[in-house]
1. Pull out a ≥ b ≥ c, the square roots of the eigenvalues of the alpha-carbon gyration tensor of segment 114-255, then state rounded if a/c is under 1.5, prolate if not and a/b is larger than b/c, and oblate in the remaining case.
2. List T445, T88, T83 from most exposed to least, where exposure is judged by having the fewest other Cβ atoms within 10 Å.
3. Output the peptides 297-308, 418-429 sorted from most to least packed, where packing is the average of other Cβ atoms within 10 Å over each peptide's residues.
4. Taking the alpha-carbon centroid of each part, what is the distance from segment 395-423 to segment 68-83 in angstrom?
5. Rounded, prolate or oblate: which one fits segment 58-308, using the alpha carbon gyration tensor with axes a ≥ b ≥ c (rounded when a/c is under 1.5, else prolate when a/b beats b/c, else oblate)?
6. Of all DSSP beta bridges located in segment 58-308, what percent are antiparallel, nearest 5?
7. Under 1.5 on a/c is rounded, so check that first for segment 352-430, then, if it is not, pick prolate when a/b is larger than b/c and oblate when it is not; a ≥ b ≥ c are the square roots of the alpha carbon gyration tensor eigenvalues.
8. Dipole size in debye (nearest 20) for the chain around its Cα centre, Lys and Arg Cβ +1, Asp and Glu Cβ -1?
Amino acid sequence: MKTIIEPFKIKVVEPIRMTTREEREIILREAKFNVFNIHSSHVLIDLLTDSGTSAMSSLQWSAIMRGDEAYAGAESFFHFQRTLRELTGFDHILPTHQGRASERILFELVGGKGKVIPNNNHFDTTRANVEHSGAEAIDLVIDEGKIPSSRHPFKGNIDIKKLVALIERVGTEHIPLCMVTVTNNSGGGQPVSLENLRAVRKVCDQYQIPLFLDACRFAENAYFIKLREPGYQNISVRKIVHEMFDLADGATISAKKDGLVNIGGVLLLRDEELAQRADALLILTEGFVTYGGLAGRDLEAMAQGFQEVVEEDYLEYRIRSTAYLGERLIKIGYPIVEPPGGHAIYIDAGQLCPHIPPKEFPGQALVCALYRAGWIRAVEIGTLMFGGEGKIAPLELVRLAIPRRVYTQSHIDYVVEVCEELYDNRSQFAGLRLTNNPPFLRHFTAAFAELN
Ligand code: F0G
């Protein structure tokens, strides 16, 4: 087998700059050990997120020039609408400025006090929007999904028994919808099988609960289905994508992931009455229904991006290059969430640094170490992100998210070399103490001091 290469050549470049260890030390201290406070020009390899960080194609950039900026009825909207209809089969397609805007509209309409939303794992903004509406967000991923070393092929699946038990316990009248996140970001970028989606659908039908997808990474999920689910090896990704959406009554999408754009979101709905109410909220808070908080050119870039993301040579490269980083880290000895996910590698910092208790944020300690040693920016997904008020997260993970079509294999080889150097010094990483602890989504604005 030959090397799976980046299926593109580079036309525009953006320089990145090396720095000294002393400079990095000053920057990290000034940022109060929170990498969200660091200027991106002070980062060499930015693995903070795969969201909004994609490189757009020449076709997307040329589509931008076709943007119709009319307030109402812009042709760019109809192009965007046709593309999404073809891809997903949904009729009601609302553009929003990003995923959480779709979430806010949805949960303002269906959430509220006394309501309960099941999901495999809510992403942080999804949970925050559910809770902001007054509702309760419950995570029901299968047990294997919580064990980093388990190599279950679909670790993002929902535990059907737990879903039924929850519905029986709280009553269907309190569950306005059931959500499934594909791929499961908070659970390690792990896919959900079509078999599991069908089983969730069956339960939802039985109890008459609508099923919604958080479909930010639908194409990566579909490619995992093609690779791993029996019977799908010769089915096209486009067909698998359609099959996933056919099972749902609605979906929230951040186009900043598999839309291959820097900004944009979508809300998909089937129910006519709900769609009308969503349109009204969209107009109130995002913009008219044919632009929803975006420029016409953004809609054109999305329409093109949603087509490119289901190209199979792109997906083969995408999934393979993420796995490459994961496999090299495993070889060094890093405990990671296995098998490697679609958009990111998640290092189990709790296991890597047993000398740092969760309340001293072992994940954040590794994030700081990566920055110091290699000017690499990663993000903590553990007690900092999901804890608070004495609550500790089930896992102390650090995510190395890979922007789409941005870094080449040599960039990733450099990341591996930095990780190799750090591995031997891991017992020296210092825990952290919070000096500012905000009440919501605290990881974005928290401040720390280093212990010892
Ligand atoms: N749902 C999932 C599964 C996500 O991963 C994200 C964003 C959102 C919803 C919200 O979308 O950012 O466009 O408002 N995830 C980014 C990340 C921020 O880094 O994983 P958004």
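1. Numbers: a/c = 1.59, a/b = 1.50, b/c = 1.06.
In terms of gyration-tensor shape, prolate.
2. Ranked by crowding around the Cβ, least crowded first: T445, T83, T88.
3. Going from most to least packed, we get 297-308, 418-429.
4. 38 Å
5. Numbers: a/c = 1.97, a/b = 1.30, b/c = 1.51.
Judged from the Cα gyration tensor, segment 58-308 comes out oblate (a/c at least 1.5, b/c at or above a/b).
6. Working: 12 of 23 bridges.
DSSP beta bridges in segment 58-308 are roughly 50 percent antiparallel.
7. Details: a/c = 2.97, a/b = 1.54, b/c = 1.93.
Because a/c hits 1.5 or more and a/b fails to exceed b/c, segment 352-430 counts as oblate.
8. Working: 49 positive and 58 negative charges, 112 e Å.
Value, rounded to 20: 540 debye.
Computed from the coordinates by the stated procedures, all read-outs in this text should not be read as laboratory data. Since this is a predicted model, take the numbers as computed values, not measurements. Ideal geometry is used to build each Cβ from the backbone, glycine not excepted, and the neighbour counts take in all protein chains shown.
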